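Below is one structure, written out as structure tokens; the observations come after it.
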Amino acid sequence: MKKVISIHLDGKLFQIEEDAYTLINNVLSGQWKKQEMEAQLAQALTQKLNSGKSYISYPDAVDALYQLGISAAECQSSTTADWRSKRLYRQPEGKLIAGICTGMGEYFGIDPVIVRILFVISLFMFTMGFWLYIILWIIIPKASIKW
């Protein structure tokens, strides 16, 4: 017998198993754009319930997260708040050129405008800002998750 919890995601009520709730809570707590992620997750979970289920199980939660581009390994790594478990990605949403500053801002938990200002300062003071940005554009992978 498993414990079932009632939760609200994006204004919708869900009955969810305790282990699935723990997984989803850990994933959402580490997200920068939590509201958009919550809305997409609520839509994916609603599709699971429309198939005739009365509650969300752990495999349903993993499948819904996978539909959003979060693998099971990333789900497990997001349960720890350790900075070493994070990955740096270029964020296509909110980008000005390549999404480097937005991705770095999300990774370090700061506003991307601050990162952009630092790049502009390094461009004018050290002239390395341009080359650093180009190198990061090549090295850092583009995020596959659309928030």
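Read-outs throughout are calculated quantities, based only on the coordinates presented, and are distinct from any laboratory measurement. These figures come from a predicted structure and were not determined experimentally. For neighbour counting, all protein chains shown are included, and Cβ atoms are generated from backbone atoms with ideal geometry for every residue, glycine included.
Around Val4, what is the net charge, scoring Lys/Arg as +1 and Asp/Glu as -1 over all other residues with Cβ under 13 Å from its Cβ? Mind showing how you got there, number by number?
Values: positive: Lys2, Lys3, Lys53; negative: Glu17, Glu18, Asp19, Asp60.
So the surrounding residues net to -1.
Using a simple spin-label model with points 7 Å from Cα along the Cα→Cβ vector, what separation in nm is obtained for Asp10 and Ser29?
Spacing of the two 7 Å Cα→Cβ label points: 2.3 nm.
Taking 7 Å along the Cα-to-C-beta vector as the label spot, tell me the Leu132-Gln67 distance in nanometres, rounded to one decimal.
Going by the 7 Å Cα→Cβ label model, 4.2 nm.
Short version: ³J(HN,Hα) in whole Hz for each residue of the stretch 117-129, in order, from phi by Karplus 6.51 cos²θ - 1.76 cosθ + 1.60 (θ = phi - 60°), x for Gly and Pro, what are they?
Residue by residue, the stretch 117-129 yields 4, 5, 5, 5, 4, 5, 5, 7, 8, 10, 6, 8, x Hz.
Set the bar at 26 Å for Cα to Cα. Now go through Lys53/Lys142; Lys12/Lys142; Lys12/Lys53 and name every pair that lies beyond it. Display every interim value, and only then the final one.
Values: Lys53/Lys142 35 Å; Lys12/Lys142 31 Å; Lys12/Lys53 16 Å.
The pairs that break the limit, which is 26 Å between Cα atoms, are Lys53/Lys142; Lys12/Lys142.
What span do the alpha-carbon atoms of the stretch 87-147 cover on each of the three principal axes, reported in whole Å from largest to smallest?
The principal-axis extents, from largest down, are 34, 22, 19 Å.
With label points built 7 Å along Cα→Cβ from the Cα atoms of Asp19 and Lys53, find their separation and express it in nm.
Once both label points are built, they end up 1.3 nm from each other.
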